[in-house]
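The values are calculated or read from the model by the stated rules, or taken from the named source; none is laboratory data. These figures come from a predicted structure and were not determined experimentally. We place every Cβ from the backbone using ideal geometry, glycine too, and count neighbours over all the protein chains shown. The area values use the complete protein model at the heavy-atom level, side chains included, leaving out ligands, DNA and RNA. Shrake-Rupley method; radii C 1.70, N 1.55, O 1.52, S 1.80 Å.
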Amino acid sequence: MNRRVAVGVLVLLMTAGGPVLALAETIAFKLLPTYSRATFKSDAPLETFVGNTAGPGVAGTLTLDPAKPQGAVGTIKVDLNTVRTGIDNRDADMRSKDYLDTEAGEANRWAVFVIKGVDIAGPLEPGKETPAKVKGILTIKGKPIETVADARITYITLTPEQVESQKRFGFTSDNLKVRAKFATTFTNHGMQVPQLLFLKVSDDIQLETDLTFVRQ
């Protein structure tokens with residue numbers, strides 16, 4: 001069974017039993033790299049490009065009570081050395097000293113988003129996608145800024161029988177699907193796009209994550 005089919009099976013399972021209100025319990029989740037990805041987009045007048053990474057390039061942990069998700073905390077890390085835009089020379093330029101300088105050390109290698117809390121209407125209901133605002137600190141090239149991500153969170157619970165059939169894919173009794181979008185700029189993080197490149201590289205960076213978490 002391939003990755004896409006496995007996710008489809010999980011979605012069917014999460015909706016089969018109908019919505020059940022989450023019970024109060026703080027759960028520690030870990031990110032499942034196989035089903036997680038991160039992208040960034042630069043949309044300049046003469047060129048638009050998108051960088052992608054997935055699998056080992058994405059890591060993270062999350063702790064929350066599905067009945068009270070407002071108190072969620074966690075950390076998401078993206079290995080900038082693994083991001084690919086489709087052009088090797090451009091990837092090398094982005095990792096160079098003029099931009100991300102990822103070879104300078106671990107602080108530059110990783111883009112890190114530390115979750116400080118969630119604005120959400122109420123508890124997470126199994127099988128239901130819920131909109132939220134995720135507040136946190138985004139650090140790129142050692143420069144932290146406060147930011148808010150627009151997110152959609154789906155809490156997925158599995159029965160013991162379902163867990164048995166899905167555990168080979170890494171899924172557990174409690175799972176979270178978190179899709180988020182947020183924005184920053186190169187200048188926010190101490191980088192300056194040269195005037196010569198303003199038409200090809202935008203100062204604005206659009207970030208998007210599609211993350212799957214499972215109970216630790």
**Report entry** Conditions (1) more than 16 Å from GLN70 (Cα to Cα); (2) loosely packed, with under 14 Cβ neighbours inside 10 Å: number failed by ASP119
**Finding:** (1)
Query raised in the report: Residues ASP79, ASP93, ASP98: which one is under 22 Å from ALA183 (Cβ atoms) and loosely packed, with under 15 Cβ neighbours inside 10 Å?
Result: ASP98
Query raised in the report: Can we say GLY105 is under 21 Å from the mean Cα position of the chain (by Cα), open to solvent by 20 Å² or more (accessible area, probe 1.4 Å) and closer than 30 Å to PRO194 by Cβ?
Result: no
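Kindly indicate whether any position in the stretch 104-121 is assigned to a loop (DSSP other than H, G, I, E, B), modelled with pLDDT of 95 or more and of a type outside the set (Phe, Trp, Tyr).
Yes - at least one qualifying residue is present in the stretch 104-121.
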**Report entry** Subset of the stretch 189-207 (residues that are crowded, with 18+ Cβ neighbours inside 10 Å and either modelled with pLDDT of 95 or more or within 16 Å of GLU146 (Cα to Cα) (or both))
**Finding:** HIS189, ILE205, LEU207
Query - Checking PRO126 against (1) touching a residue at least 60 places away in the same chain (Cβ under 8 Å); (2) closer than 27 Å to PRO45 by Cα; (3) in contact with a strand residue (DSSP E or B) (Cβ under 7 Å, 6 or more places away or on another chain); (4) not in a strand (DSSP E or B), the condition it does not meet - result: (2)
Requested in this report: Return yes or no: is ASP98 over 20 Å from the mean Cα position of the chain (by Cα) and in a helix (DSSP H, G or I)?
Outcome: no
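Is it the case that ALA92 is out of contact with any Ser or Thr (no Cβ under 9 Å at 6 or more places or on another chain), at pLDDT 95 or above, of a type in the set (Gly, Ala, Ser) and farther than 22 Å from LEU138 by Cβ? Give the steps one after another, and end with the answer.
Numbers: out of contact with any Ser or Thr (no Cβ under 9 Å at 6 or more places or on another chain): yes; at pLDDT 95 or above: no; of a type in the set (Gly, Ala, Ser): yes; farther than 22 Å from LEU138 by Cβ: yes.
For ALA92, the condition - out of contact with any Ser or Thr (no Cβ under 9 Å at 6 or more places or on another chain), at pLDDT 95 or above, of a type in the set (Gly, Ala, Ser) and farther than 22 Å from LEU138 by Cβ - is not met.
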Report summary line: Subset of the stretch 42-59, residues among the small types (Gly, Ala, Ser) and open to solvent by less than 20 Å² (accessible area, probe 1.4 Å), comes to SER42, ALA44, GLY51, GLY55, GLY57
